[in-house]
């Protein structure tokens, strides 16, 4: 236990040494003897004692600002001038040196900080803003590294003098506000340090949504919108172009992780699927960055959304350039999309300015591949703006520089409101006032001004109103890639109007058509999406809509049934009224049945004409001519009543067709029954002593026919009164069409009518069978037997055929039964007699008629 305790004690001591070196915490050492047990108080600069005089010394090695200038009030600046942190392996045998930056200068960020200097000089020359006040600045390099950012934060708190004496007070005057950092992660670290001292930090480029949390970052402001707005805008942009299958890469930092999390959440709300989401950082091993590049190469997503800083994207794009993937459409966040085309003000840079700054010297020598130690390089002064093709001199785009410009002016307005007063129309500013950072912080919350057409203010979270320009990289006629503004996203507008695209866009490989990036092709109307098992919702199969259903939009998740009287077209993308079907006079089947009906009626009329013309002949007189004429009349009606079954059903036709059919058929059967009874009674009358015929004379025959028909008439009347037949649209037999038919109304009424006809037919058939062998050459009983046999066979077959026949074929079956039974009666009963009358007149004699076999 003692050994372990010693080890931990040693490790703790070494860590404290690192911490002191890291933060440069000021400490005060009394050069004289101190009073015993003096009272101490902690200040940003160190520890003050009650003894005087004192010497205040900053512990650790002070950081040297990249750019500095004294002033009445000093504004700090933190920018990632370099992208790399010098890596040191600590051996814990010597005091660690402060972390330092390395690598080449980032020309883009160099323009940002030069914009800050430009804005401060412009304010110092202004007669309206801070008149008589000279602003100074201290600008440091953070190289996007948290250790350096923390060190810089404490350096800005303490000031740049390593040894100082302020009248016995070690509280050194630091900065009143700070502009920076250009990255979210360093800004988070700096903000957490500044919040304890109420020092406002105004960032022109830190977009992480986490910085809007005022409990964590109460003194943080920014002139660039939060990533929450950018994430929403990017999701709407992706959705606008129909990219439902995308890849995502991000910086493995607060900026990238928070930003991508917000984007993925917004993408899910828009129904966008992400094939992959990969994180990387510039300091990762090359194998890690290659792995991310391989994911991009192998993916099927054509569109890649990159929420990354420019320094990180540089490493990924370099790796992708070694083995280029298939064409990819990159959608970039503001962190890197403008890097090749740096945005800044245009100003002159002389070699003397360069020599005064180690950073500018480094930039100058990198840009011109030369050394400032030789005089010949000064000749470059007059060629600088024309010959130096460097992002530092690119002035066509001023977006991020404008953010820096607004940040400086926001701080200047806050200082102005704190130290200046307007008296008698003149503004008076007190440059000797002891201005505390907390006062600047309070005034900064209320800043509200416009500069160069841009409005500057902050909401309760320290954020500005979100407004983004949509920039498209397009190739100019000279072959250079230029950023072209093609639209905007304005969060201040109502929902639905926030996102606009106004210009023509150029896509990957210079094409003008929007690239397609989907896991599955869109399902056309007439189909629905069925998700593929185990895959995201953007991966699906297109399945045709089932029968009777449609989808009239692309990528429909469901098919909807058509209304009851409608049916889909062949493509199943629209509903049309169902065709109405009924047995009409225009179709072949209707024409054939109508022709047969008319032919049968004509045949019955012809037979009647023959009988009338030969009414005095023995055959006509012997076959009960009165009943024969009545039978022919009823047969004519039977043939004609079948016409009422053809055509569109209506209320009158539905009632007429069934009642007319029932009554005329009963009339026919009654006549046949009467003729059959006459034959039987006539045979009985020939027997000695029989006078039966007097009981069934012509009057009784007529009465029998009338009574039997009257019963059917009563049945039909009851049917029509209680529940008559009516026209209806049958939607159940066929789903794709409407059958217009006559509903029976009362099934009992229909089957009562049909049953009564069948009862008479059976009775007539039985009597005809009994009389079929009577000795008479013109015995009608035989023909009646055949006709009734046909009649019964037809109607017995009719019942199952009627029940099972669909649609208009039900009507056709009924017509066929009427015609078949009617033709059976006329052909069996009247055809042989007409044949003898017309073609065998020798048999139409009394002698032949009375001849017995």
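Per-structure values
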read-out: One residue from 566, 576 being without any contact (Cβ under 8 Å) to a residue 40 or more places away in the chain, more than 24 Å from residue 520 (Cβ to Cβ) and exposed (fewer than 12 other Cβ atoms within 10 Å of the Cβ); value: 576
read-out: Restricting segment 490-514 to residues that are in a helix (DSSP H, G or I) and touching a strand residue (DSSP E or B) at 6+ places or on another chain (Cβ under 8 Å), the residue that is farthest from residue 465 (Cα to Cα); value: 510
read-out: Residue 76 being out of contact with any helix residue (DSSP H, G or I) (no Cβ under 7 Å at 6 or more places or on another chain), modelled with pLDDT of 75 or more and either in the same structural domain as residue 123 (by TED's automatic domain parsing) or within 30 Å of residue 311 (Cβ to Cβ) (or both); value: no
read-out: Some residue of segment 122-138 being over 30 Å from residue 259 (Cα atoms), without any contact (Cβ under 8 Å) to a residue 60 or more places away in the chain and within 52 Å of the chain's Cα centre (by Cα); value: yes
read-out: Checking residue 806 against (1) at pLDDT 80 or above; (2) outside any helix (DSSP H, G or I), the condition it does not meet; value: (1)
read-out: Breaking point among (1) within 22 Å of residue 205 (Cβ to Cβ); (2) within 23 Å of the chain's Cα centre (by Cα), for residue 459; value: (2)
read-out: Qualifying residue in segment 321-338 (condition: surrounded by fewer than 22 Cβ atoms within 10 Å (Cβ to Cβ) and out of contact with any helix residue (DSSP H, G or I) (no Cβ under 9 Å at 6 or more places or on another chain)); value: yes
read-out: Members of segment 225-242 found to be surrounded by 24 or more Cβ atoms within 10 Å (Cβ to Cβ) and in a loop (DSSP other than H, G, I, E, B), listed by number; value: 226
read-out: From 461, 472, residue being surrounded by 15 or more Cβ atoms within 10 Å (Cβ to Cβ) and at pLDDT 85 or above; value: 461
read-out: Subset of segment 583-608 [in contact with a helix residue (DSSP H, G or I) (Cβ under 9 Å, 6 or more places away or on another chain), surrounded by fewer than 19 Cβ atoms within 10 Å (Cβ to Cβ) and outside any helix (DSSP H, G or I)]; value: 584, 585, 587
read-out: Selection from segment 278-306 of residues that are touching a residue at least 60 places away in the same chain (Cβ under 8 Å) and touching a helix residue (DSSP H, G or I) at 6+ places or on another chain (Cβ under 8 Å); value: 282, 302, 303, 305
read-out: Residues (in contact with a strand residue (DSSP E or B) (Cβ under 8 Å, 6 or more places away or on another chain) and either surrounded by fewer than 16 Cβ atoms within 10 Å (Cβ to Cβ) or closer than 18 Å to residue 798 by Cβ (or both)) located in segment 713-727; value: 725, 726
read-out: Residue list for segment 424-454, filter: assigned to a strand (DSSP E or B) and either in contact with a strand residue (DSSP E or B) (Cβ under 8 Å, 6 or more places away or on another chain) or touching a residue at least 12 places away in the same chain (Cβ under 8 Å) (or both); value: 427, 428, 429, 448, 449, 450, 451, 454
read-out: Residues being over 30 Å from residue 810 (Cα atoms), in contact (Cβ under 8 Å) with a residue 24 or more places away in the chain and part of a loop (DSSP other than H, G, I, E, B) - total across segment 535-563; value: 14
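The values are calculated or read from the model by the stated rules, or taken from the named source; none is laboratory data. If you're wondering where the values come from, they're calculated on a predicted model, not measured in any experiment. Backbone-built Cβ (ideal geometry, glycine too); neighbour counts: all protein chains shown.
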